[in-house]
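Undergrad: Starting off with a structure, shown below.
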Amino acid sequence: MKRVVFAIVAILTVSFVVAQPSHNKAVIGFYNVENLFDTIDDPNKNDEQFLPNGDYRWDSERYNTKLENLSKVIELMASLDGGLVVLGVSEIENEQVMLDLAATPRLQPYHLSVCHHESPDRRGVDVAFFYDASRFKILSTRAFPTIVPGNPDFITRDQWLMTGVLDGVDTLDIVVNHWPSKSGGEKRSLPGRMAAGALGRSIADSVLNSRPNAKFIYMGDLNDNPTSKCILAEMNTKTKPDNLAPTDLYNPMWKIFRDGIGSYAYRDSWEMLDNIIISAGLVNAAPDTYRFRSANIFRKDFMFTKTGSYMDYPYRSFAGGNYQGGYSDHLPVYIVLTR
């Protein structure tokens, strides 16, 4: 009788262990996917170029090729050690393109959920999140519009905050955003990015002041390098993880960029436009909770152009207005958390 009872207990114990997997790593990333538009005309979007009869001849074949290419990259990111828990995404037209991407054969097994926000952007592109709902439980979301002082007509993508619990252990506050571009030149476009940086700092302060040592992550295509005053001064980011105060923000992409590596190529030089900035709470985390381990750029050989004037640049969908059939003009970036 004792042997039977022991065997039942052993089986139940094994079953419980299988049903309750433990995680000690997590990957959180960002990817500017370069104009992921559908083929349907939306009167509220500036999508005329991305229609079957538009300038880019954006038909179902090209759209499906784009989905297939992006799914190949994201699938490989999802297979990184620790698993892709959250992926911020920019330059998407709407929620449906995110759902279409998640439903591709490569990504369907990962059951990625979508957290999308419809922005007032003039180009008609939004920011959003993919997330693994089995590991990340959303608590709340909130949008923050970027307001440029003295320019009430300025419109750009909202900054999108998603708060949730990772593996039942840590609350994470994650912002995905896409700062205004340098269109029109550095001087003319600078106020927009300065305002975006100030807003980012304000969001961080509101989180960190309400919850000391909060684990805050700020990611996106900032259209600026980690050395810019929009990031260093307006967001007041630190370039080293040492001696951080509880409300400090650390940008690990600064060192990668200093070492000559970037996520975007322009005029034969690499820039680090895609940043993931983290709070001191992720660097100096308590025992048995998630902490920052490393920052990386996701690079695979197939993601680069092999010939022509754009050789060794990221293999993009369009270059000089001509269809290339590639992936994106940006490389994804990601951080690894461990506990």
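Undergrad: For residue 304, what residues show an amide H to amide H distance below 5 Å, using hydrogens built from the backbone and excluding near sequence neighbours?
TA: Counting only residues 5 or more places away or on other chains, the set is 315.
Undergrad: Going 7 Å from the Cα of residue 211 toward and past its Cβ, which residues in the stretch 225-267 have a backbone nitrogen under 13 Å from where you end up?
TA: none
Undergrad: Residue by residue through the stretch 324-339, which ³J(HN,Hα) values in whole Hz follow from phi under the Karplus form 6.51 cos²θ - 1.76 cosθ + 1.60 (θ = phi - 60°), with glycine and proline marked x?
TA: Karplus-based 3J(HN,Hα) across the stretch 324-339 equals 10, x, x, 9, 6, 7, 10, 9, x, 10, 7, 10, 10, 10, 9, 8 Hz.
Undergrad: Right, another one. Report the net charge of residues surrounding residue 239, where surrounding means a beta-carbon distance below 13 angstrom and charges are Lys +1, Arg +1, Asp -1, Glu -1.
TA: Taking every other residue near residue 239 into account, the sum is +1.
Undergrad: Starting from the Cα of residue 300, step 7 Å along the direction of its Cβ; do the same at residue 267; then give the gap between the two resulting points in nm.
TA: If labels sit at residue 300 and residue 267, their model points lie 3.3 nm apart.
Undergrad: Here are some values of Rg/Rh (Cα atoms, Kirkwood Rh): (i) 1.05; (ii) 1.01; (iii) 0.97. Which one was computed from this structure?
TA: Of the labelled values, this structure produces (ii).
Undergrad: Can you give me the long-range amide H partners of residue 276? Hydrogens built in the peptide plane at 1.01 Å from N, cutoff under 5 Å, separation of 5 or more residues or another chain.
TA: Here the answer is 253, since their amide H atoms fall under 5 Å of that of residue 276.
Undergrad: Give me the distance between the Cα centres of the stretch 161-176 and the stretch 85-142, rounded to whole Å.
TA: Spelled out, the Cα-based centre of one part sits 15 Å from the other.
Undergrad: Sort 178, 23, 330, 116 by Cβ crowding within 10 Å, fewest neighbours at the top.
TA: The fewest-first ordering by Cβ neighbours comes to 23, 116, 330, 178.
Undergrad: Still on this structure, I have one more. What ranking do 189, 317, 263 get, fewest neighbouring Cβ atoms within 10 angstrom at the top?
TA: Least crowded to most crowded, the residues run 189, 317, 263.
Undergrad: Given the DSSP H assignment, sum -39500 (n - 2.57) over each helix run of at least 4 residues in the chain and divide by its residue total; what's the result at 222 nm in deg cm²/dmol, nearest 500?
TA: Value at 222 nm, helices only: -7500 deg cm²/dmol.
Undergrad: Sorted from fewest to most neighbouring beta carbons within 10 Å, what does the list 160, 179 look like?
TA: In order of increasing Cβ crowding within 10 Å: 160, 179.
Undergrad: Roughly what % antiparallel, to the nearest 5, for the DSSP beta bridges in the chain?
TA: 75 percent
Undergrad: Once you've got the GNM for the chain with C-alpha springs shorter than 10 Å, pick whichever of 85, 169, 27 has the biggest mean-square fluctuation.
TA: 169
Undergrad: Please identify, among 182, 238, 229, the residue showing maximal mean-square fluctuation in a Gaussian network model of the chain using a 10 angstrom Cα cutoff.
TA: Most flexible of the set in this elastic network: 182.
Undergrad: Still on this structure, please answer the following. In whole Å, what is the distance between the alpha-carbon centres of the stretch 222-255 and the stretch 44-68?
TA: Answer, in whole Å: 37.
Undergrad: Kindly express, to the nearest 10 degrees and within the range 0 to 90, the angle between helix 60-78's C-alpha long axis and the longest C-alpha principal axis of the chain.
TA: Once rounded, the angle reads 40 degrees.
Undergrad: Apply the Karplus curve 6.51 cos²θ - 1.76 cosθ + 1.60, θ = phi - 60°, to the phi angles in the stretch 211-216 and return the couplings in whole Hz, x for Gly and Pro.
TA: 9, x, 6, 4, 9, 10
Undergrad: Here is a follow-up. Quick one: what are the phi-derived ³J(HN,Hα) couplings along the stretch 130-146, Karplus 6.51/-1.76/1.60 with θ = phi - 60°, whole Hz, x for glycine and proline?
TA: So the J values, rounded to whole Hz, are 9, 8, 8, 5, 6, 10, 10, 10, 6, 9, 6, 9, 7, 9, 10, x, 8.
Undergrad: List the residues, sorted by chain then number, that are 5 or more residues from residue 32 or on another chain and whose placed amide H is less than 5 Å from its amide H.
TA: Distant-sequence amide H within range of residue 32: 90.
Undergrad: Going 7 Å from the Cα of residue 227 along its beta-carbon direction, which residues of the stretch 242-274 have the amide nitrogen within less than 18 Å of the resulting point?
TA: Inside the label zone: 251-274.
Undergrad: Let me ask something else. Among 299, 157, 291, determine the one that fluctuates most according to a GNM of the chain built with springs between C-alpha atoms less than 10 Å apart.
TA: 299
Undergrad: Just add up the charged neighbours of residue 284: K/R +1, D/E -1, any other residue whose Cβ is under 15 Å from the Cβ of residue 284.
TA: Summing Lys and Arg as +1 and Asp and Glu as -1 gives +3.
Quick note: the coordinates plus some simple rules give every number you see, no bench work behind them. These numbers come from a predicted model, not from an experiment. We place every Cβ from the backbone using ideal geometry, glycine too, and count neighbours over all the protein chains shown.
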